[in-house]
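Inspection log for the structure reproduced underneath, given as structure tokens.
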Amino acid sequence: MTRRFGLGIRAKLLAASSVLLLVPWLGYQYVSELERFLREAQQQKLAGTAQAVATALHERPRLFERPGADLATESAARGDDDFSRLPLMPPPPAPPPFPARPGSNAEIEQILAGLARSTARIWVVDRNLRVLAVAGGLRRAPPPGDEEVSTLGGIWSVVESRVLAPAYRLVLTQPREDFAEELPAEAVGRFREVQRALTGIPSNGRRATPDERAVIVSAAHPIWIAYEVRGAVVVEETTNAVLAERNRAFERLFSLVLAVLLVGSLTLFVFASRLSGRIRRLRDQAEAAIDAHGRVTGRMPPSTAADEVGDLSRSFASALDRLGEYAAYQKAMGSRLSHELRTPIAVVRTSLENLALAPLAAESRVYIERAQEGIDRLGHILASMSEATRLEHLLREAERERFGLAGVIAGCVEGYRGIYPGRRFDLRLPDEPVHVMGAPELVAQMLDKLVANAVDFGRPEAPIVVRLAKGALETTLTVANEGPPLPEEMRSRLFESMVSVRPARTGGAPHLGLGLYIVRLIAEFHGGRASASNREDVEGVVVKVSFPPEPFYAD
């Protein structure tokens, strides 16, 4: 049977499971949305902190009474009433950089000390853009040490640290704590959110650190004294906490998805392997129960499984049992018909012979002769059917012996020259001896059928070539004749029972198509096979019988 290979069940299930690869992408989208939410929450938290600090400083003018030039007053003196157009930098002399912070307010710093967080920095500036106080820092504390884990957890930790972590670092932005957080005090006034807060509008901002190793988000809120903005509170924090939380969420989610994918794919692979193995066994059992010619040669054990494959196996077993019973009925029908028809045919034949001896008119004798021809044809049909039936029984009980194949063929061909005196035979035998294990009388009977077939279809003037060749892989016996080629549609059915390519005719001996069927049975008995094809050198047919090599019979 020709095998057509393609994607098996395992490959198809694994391909179908590739849809699960969408899960990491969906997880990444989820983590991205989570990051956006965390950023918004961080911004709201900073705005709330700035508002809380500003509320604590509202209506406390004493905190903002400082000597020195008042930039707002100078601006009003110049006629500039729009505070949003204040200069970005205070006039010289500029204040020294942080952390010196001259002019800072100790009371404000004390208030900030209770509100400052370890990862946030709070600035308080007056309307002259002077830094009155600063508290807190931007760097985060180092994470706590790793907890003790189990052996399985330790193995997974090694996998995460050596395999997954490098991959995560390629696709995820990693937070860095080695950034420069120092900021000159005069730079605070340059920020847009500070300038907007000094006009009375709470505002948010986002910028990079001086070395661009981190991103800072900030919120500014105005400080009101008697309906006048006297300063602003600026709360700022890096996005490292958000990035770290985003990365942890992504790593946990992706690690979980990866584990589920691996376990799911392995489970699907094992399931598909088991399923495909059961289907292959079902196929092998079905093929073992039927030979190459469609004959049922054994039983198929039904499966006890309760699933669809088990149900299919039981259906196949039931169908094979019914086919076997029907085939046995067909085989027995020929011998039963032959036995049942012999007696009435003998009665009719005897009656016709006795009637032929009686004085009859010439017209009546014509019908008697036709009846005798019909009886003879029926007798020939019964003889052919009996021959095929006897041969099948003989093959089951025949004893095998080692004999020389060339001698049997040479003796048969010598006899054909006497049987068919008007035909020429071209015998070609190998120089070395050829032995097979089987029955020489069956080989002779097989050759009789091949030669009779070649004589019937061959041209009378052309020789019939009988050739025996010994090869390394097989020994071949071929009988070739010149004549009409084989019809293309009959090549695969030529060696079946009751199949013939002879044209229909009313006279002569009937042909039931059993000759090549007998050839096939004898070839299979000897462990070989029979085939027919058109000749390539001239128009005609060559029938080949292949025998296995002699070592095949060593046992």
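Below are the figures for this structure:
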quantity: Extension gain from ASP311 to GLU474, taking 0.36 nm per residue of separation minus the Cα-Cα distance; calculated: 54.4 nm
quantity: Local electrostatic count at THR238 - Lys and Arg +1, Asp and Glu -1, tallied over other residues with Cβ under 10 Å; calculated: +1
quantity: Contour minus Cα-Cα distance for GLU401 and THR297 (0.36 nm per residue); calculated: 35.0 nm
quantity: Proximal charge balance of TYR30 [Cβ under 13 Å; K/R count +1, D/E count -1]; calculated: +1
quantity: Extension gain from GLU59 to ALA319, taking 0.36 nm per residue of separation minus the Cα-Cα distance; calculated: 83.7 nm
quantity: Probe 1.4 Å, protein heavy atoms only - accessible area per residue of segment 344-470 in square angstrom; calculated: 57 Å²
quantity: Set of aspartates and glutamates near LYS449 by C-alpha distance (under 18 Å), chain-local residues within fewer than 8 positions excluded; calculated: GLU387, GLU392, GLU414, ASP426, GLU441, GLU482, GLU496, GLU524
quantity: For ALA249, net neighbour charge (Lys/Arg +1, Asp/Glu -1) across residues whose Cβ lies under 11 Å away; calculated: -1
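The values are calculated or read from the model by the stated rules, or taken from the named source; none is laboratory data. In this text, all values refer to a predicted model and were calculated from it rather than measured experimentally. Cβ sites come from the backbone with ideal geometry, for glycine too, and all protein chains shown count toward neighbours. Accessible surface areas use protein heavy atoms only, side chains included; no ligands, DNA or RNA. Shrake-Rupley method; radii C 1.70, N 1.55, O 1.52, S 1.80 Å.
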